[in-house]
1. Restrict the check to region 417-427 and report whether at least one residue is part of a strand (DSSP E or B), under 20 Å from residue 274 (Cα atoms), within 22 Å of the chain's Cα centre (by Cα) and not assigned by TED's automatic domain parsing to the domain that holds residue 105.
2. What about residue 285, is it within 16 Å of the ligand (Cβ to nearest atom) and surrounded by 13 or more Cβ atoms within 10 Å (Cβ to Cβ)?
3. Is it fair to say residue 271 is farther than 15 Å from residue 360 by Cβ and either in contact (Cβ under 8 Å) with a residue 40 or more places away in the chain or over 21 Å from the mean Cα position of the chain (by Cα) (or both)?
4. Looking at residue 415, is it within 15 Å of the ligand (Cβ to nearest atom) and in contact with a helix residue (DSSP H, G or I) (Cβ under 6 Å, 6 or more places away or on another chain)?
5. Of the residues in region 301-316, how many are surrounded by 15 or more Cβ atoms within 10 Å (Cβ to Cβ) and farther than 17 Å from residue 273 by Cα?
6. Which ones in region 378-391 are more than 17 Å from residue 456 (Cβ to Cβ) and part of a loop (DSSP other than H, G, I, E, B)?
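The values are calculated or read from the model by the stated rules, or taken from the named source; none is laboratory data. As the structure is a prediction and not an experimental result, all values here were calculated from the model. Glycine also receives a Cβ, built like all others from the backbone with ideal geometry; neighbour counts cover every protein chain displayed.
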Ligand code: GDG
């Protein structure tokens, strides 16, 4: 029997331990800058007497494992400092220079340095050293993302027998690319110490299953109901599509600040159609390709010049990594070139902003945009697609142009799906979106909004936790424990 997805019962006794590289529980939830994920997990931890563990973001000369325990609006967070070498090798190195590009199919950008792999293992083991003593027998443990793939193995080595789940926020890559990672087998083997592994989409899960079943050095078995057997152990896997905190987002949209920003943007658009992009500065987001597609549109449609503009909000991210500095320079040049080529005295085709805005401001910006451009080359889910839809005016909604390579495309087929690698396709989609009649826009929006509601972040969270909780451990645990001891 597959584990049933019963409603997540807060009344149950066990605590929830959330583990992630950075802890995003907000100090002041009312300030409104925290994302949906942070709010959802914080709400679970508050109701549930749990704990959120991760790196403090600080460095120290010598790792001590000393914990800083803080209360953040009712959520207990436990933070640990790392050495500069850990941050270099584990975080900037293996996580962001090796795994992130590989998981996004950019083997051309992936750095395979032994010191990174060693730093990754060392730092995960250090986290486990500090975390293991905090765990009580009934706790359930939920580990997040690619920074901590081997964490279950490290905890099991320290005698932790609790249920441990893992959720990957990125895509999973095709087997033929994954095997370019030295020690790929070792990494996947460590994942078999989880009880449950979750992905955003069926596609990412199927790619994981394909690796386990088809990689000769693993030779695993596909079991019914998405369970897998390999390395003498079994693990349950599943699809858990993340979403946004819909009510929280609607509140931000309707707030004074949200409405004021909408009015300001509408006035500044001066009867032109605004298109919006909101993405961290990351090569996976397809920003260069988007600008080139827009340039193609301006070239193909001279009559539309002066009638449309793109507001691209792009906060700088991972600026310690060379590849991110390079793409920043290229984007600056590209945005400048397109503006230089096409701008007129009272019109500029691109407003390119390397800064962040408050969540309520973002909501107002989205609402004022006739088109939402969400065109990553590869993306685990992409929450901006869902935020854009949620922010729209139901009586006059804008159109979402969405990359078919974002996880969100698996659910949001009513968007205008595009191949972001083709500038002609992008150009055509922009034209179609700008010209779409109201009735079609409304029909599409209603169907997309249903998806956004059905995948609310609280549903994602409760579904994952209840599935993890329902997994029967004893027999599985014994088999797995025996395999581990062997
Ligand atoms: C990873 C996966 C997966 C952006 N600029 C501002 C701002 N943002 C917010 C957006 C959105 C979030 O950041 C970005 O989420 P995405 O899902 O688009 O992308 P990643 O950061 O790459 O997230 C992704 C996600 O994890 C969850 O599993 O969907 O595939 O890569 O919420 O609104 N927020 C504010 N100001 C900004 O300027 N306040």
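1. Within region 417-427, one or more residues are part of a strand (DSSP E or B), under 20 Å from residue 274 (Cα atoms), within 22 Å of the chain's Cα centre (by Cα) and not assigned by TED's automatic domain parsing to the domain that holds residue 105.
2. Here the answer is yes, as residue 285 does meet what is asked.
3. Details: farther than 15 Å from residue 360 by Cβ: yes; either in contact (Cβ under 8 Å) with a residue 40 or more places away in the chain or over 21 Å from the mean Cα position of the chain (by Cα) (or both): yes.
Yes, satisfied.
4. No.
5. 1
6. 378, 380
One line per residue, one yes/no per condition, for (1) surrounded by fewer than 18 Cβ atoms within 10 Å (Cβ to Cβ); (2) within 16 Å of the ligand (Cβ to nearest atom); (3) closer than 28 Å to residue 93 by Cα:
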residue: 355; (1), (2), (3): yes, yes, yes
residue: 367; (1), (2), (3): no, yes, no
residue: 372; (1), (2), (3): no, yes, no
residue: 382; (1), (2), (3): no, yes, yes
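For (1) in contact with a strand residue (DSSP E or B) (Cβ under 7 Å, 6 or more places away or on another chain); (2) within 15 Å of the ligand (Cβ to nearest atom); (3) on the phi < 0 side of the Ramachandran plot; (4) not assigned by TED's automatic domain parsing to the domain that holds residue 421, each residue gets a yes or a no:
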residue: 295; (1), (2), (3), (4): no, no, yes, no
residue: 307; (1), (2), (3), (4): yes, no, yes, no
residue: 315; (1), (2), (3), (4): no, yes, yes, no
residue: 335; (1), (2), (3), (4): yes, no, yes, no
residue: 351; (1), (2), (3), (4): yes, yes, yes, no
